[in-house]
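Everything on this sheet refers to the single structure shown next.
The values are calculated or read from the model by the stated rules, or taken from the named source; none is laboratory data. Since this is a predicted model, take the numbers as computed values, not measurements. We place every Cβ from the backbone using ideal geometry, glycine too, and count neighbours over all the protein chains shown. We work out accessible area using only protein heavy atoms, side chains counted, and drop any ligands, DNA or RNA first. Shrake-Rupley method; radii C 1.70, N 1.55, O 1.52, S 1.80 Å.
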Amino acid sequence: MKKGHMIVCDGSNGAGKSTIIQAIEEHLKSGHREVVVTREPGGTPIGEKLREIVLSPDTPEMCDTTELMLFAAARAQHVKEKIVPAIQEGKIVLSDRFDSATVSFQHYARGLPLSLIKQLNEMALDGFRADMTIILDLDPVTGLERVNSRGEGLDRMETQKMDFLHKARDGYLEQAKNDPEHFVVIDASQSLERVISDVLSVIDEVVAE
Ligand code: TMP
């Protein structure tokens, strides 16, 4: 049986994760790999319920600790119920965001202590870690313009001040700098064709291992 892998697509809001994930899925399926596409927060029935709560723009009063614990709770369920079983079956799991998002948004942007976030991530991951996290990097001003142009409304995180989104972006770049074995940064301001081709070269390397 082929070895399973976990690949994460993360980065700035509006950087085009969904389109890129679709391109990766098609690419892997054309190579006869079984792919599970999933997302965070979400990916399981419990996780999707938690997503609704944590991202609802109707509850701006949500405190930072509640927010952190909801993301972590969704992740714990996701890893146990969906990700680890799929990988054990030799599948490739492709997740729209994962633990790197908590480090960026809840530590770098919100300012919660890194030690606390690491502890919660460790608890949720239970020894598991993604093979590769692809950071689609984009200036948050451009990213938010793209999100606005979709006309789907903004979630609670996207209604934060621009400074918050800038800090989250810097957090992703910092994580990638500190762990080049597990992170790669792709410039999402390039043409879509170029972004897809850069991403697919990374994917080919990861799944060949
Ligand atoms: P998205 O998946 O549609 O981009 O929305 C998820 C939002 O939640 C996005 O703004 C990033 C944020 N987020 C966190 O703040 N922490 C997390 O741990 C995760 C997974 C997402």
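So that you can scan it fast, the table gives a plain yes or no per residue for (1) in a helix (DSSP H, G or I); (2) loosely packed, with under 14 Cβ neighbours inside 10 Å:
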{"site": "LEU144", "(1), (2)": "yes, no"}
{"site": "GLY153", "(1), (2)": "no, yes"}
{"site": "ARG156", "(1), (2)": "no, no"}
{"site": "LEU165", "(1), (2)": "yes, no"}
{"site": "TYR172", "(1), (2)": "yes, no"}
{"site": "ALA176", "(1), (2)": "yes, no"}
{"site": "VAL185", "(1), (2)": "no, no"}
{"site": "VAL202", "(1), (2)": "yes, no"}
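Tell me which of these ILE46 doesn't satisfy, since it passes every other one: (1) open to solvent by 20 Å² or more (accessible area, probe 1.4 Å); (2) in contact with an Asp or Glu (Cβ under 9 Å, 6 or more places away or on another chain); (3) away from the ligand (no atom under 14 Å from the Cβ); (4) within 20 Å of ALA130 (Cβ to Cβ).
So the condition that ILE46 fails would be (4).
Does segment 113-134 hold any residues that are part of a loop (DSSP other than H, G, I, E, B) and in contact (Cβ under 8 Å) with a residue 12 or more places away in the chain, and which are they?
Hits for segment 113-134 are ASP126, PHE128, ARG129, ALA130, ASP131.
For segment 56-102, give me each residue that is open to solvent by less than 20 Å² (accessible area, probe 1.4 Å), within 14 Å of the ligand (Cβ to nearest atom), assigned to a helix (DSSP H, G or I) and in contact (Cβ under 8 Å) with a residue 40 or more places away in the chain. Explain how you work it out, then say what you get.
The initial filter retains those residues of segment 56-102 that are open to solvent by less than 20 Å² (accessible area, probe 1.4 Å), namely 67-68, 72, 74-75, 78-79, 83, 86, 90, 92-95, 98, 100-102.
Right, trim to within 14 Å of the ligand (Cβ to nearest atom) and you get 67-68, 72, 74-75, 78-79, 83, 94-95, 98, 100-102.
Narrowing further to those that are assigned to a helix (DSSP H, G or I): 67-68, 72, 74-75, 78-79, 83, 100-102.
Matches in segment 56-102: GLU67, LEU68, ALA72, ARG75, HIS78, VAL79, ILE83, SER100, ALA101.
Which residues, taken from segment 31-43, are open to solvent by less than 50 Å² (accessible area, probe 1.4 Å) and assigned to a loop (DSSP other than H, G, I, E, B)?
Hits for segment 31-43 are GLY31, ARG33, GLU40, PRO41, GLY42, GLY43.
Please work out if ALA124 is at pLDDT 95 or above, buried (at least 19 other Cβ atoms within 10 Å of the Cβ), closer than 21 Å to ALA15 by Cα and of a type outside the set (Asp, Glu). Spell out how you get there, then give the answer.
On the way: at pLDDT 95 or above: yes; buried (at least 19 other Cβ atoms within 10 Å of the Cβ): yes; closer than 21 Å to ALA15 by Cα: no; of a type outside the set (Asp, Glu): yes.
Spelling it out, it is not the case that ALA124 is at pLDDT 95 or above, buried (at least 19 other Cβ atoms within 10 Å of the Cβ), closer than 21 Å to ALA15 by Cα and of a type outside the set (Asp, Glu).
Quick check on my filter: what residues within segment 1-30 are touching a residue at least 60 places away in the same chain (Cβ under 8 Å) and open to solvent by 40 Å² or more (accessible area, probe 1.4 Å)?
Our first condition is that a residue be touching a residue at least 60 places away in the same chain (Cβ under 8 Å); within segment 1-30, this holds for 1-21, 23-25, 27-28.
Across segment 1-30, the qualifying residues are MET1, LYS2, LYS3, SER18, THR19, GLU25, HIS27.
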